[in-house]
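Below is one structure; the comments refer to it alone.
Throughout, read-outs are computed from the coordinates displayed, never taken from laboratory work. Model, not experiment: these values are computed from the prediction. A quick note on method: Cβ atoms are made from the backbone with ideal geometry, for glycine too, and the neighbour counts reach across all protein chains shown.
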Amino acid sequence: FTYDPSPTDSLAGGLHPAGVYASSDFFTEDFAPMWGAGRADLAEMGRLGANAVRLYSWRAGSGRNHEPFLEAAVAADVAVALPIDNWLVHCLSHAEAQPCQALDAAAAISASVRDRK
C-alpha cells in the first residue's frame, strides 16, 4: 500500500489549514490516533493482507518521535518503506556545511523497533 494519512480537517489535494501543523509528517506520536489505537489504519491494512506500506513526508532527523509508528507497524506485521524526499536530499547535499543525521536517525529507530520484535 502507499500510505499518506491526513487529519480529517485536511483540505482538497492534501492541503492543511495554514499554521495548523508543523509539517505533513503524520508518522509521529502526535498523530497516533490516525494509524494507532484510534482509527487503526495500520492494523486494518494488516488485516486486509498488506505486508508493506510506502510512506510520504517522513522527516527523519527532525527530532520528532517516529518510534510509536514503527512499533505499530511491527505489531500489524507491516513493513515500512521510508521515502527519500526533497528534504532528505537537501539535507544530504549540504552535509559538509551541516551534518545530516536523517539516515542515522532512521536506522537507529528501525534497529530499536526490530530488536523489540
What is the set of long-range amide H partners of V53 at a cut-off below 5 Å, with H atoms built 1.01 Å from backbone N?
A79, V80, A81
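Take the Cβ-Cβ distance between V74 and D4 as r, set R0 to 25 Å, and report the resulting FRET efficiency rounded to the nearest 0.05.
0.80
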Between D30 and Y56, what length comes free when the chain is fully extended (0.36 nm per residue of separation minus the Cα-Cα distance, one decimal in nm)?
7.7 nm
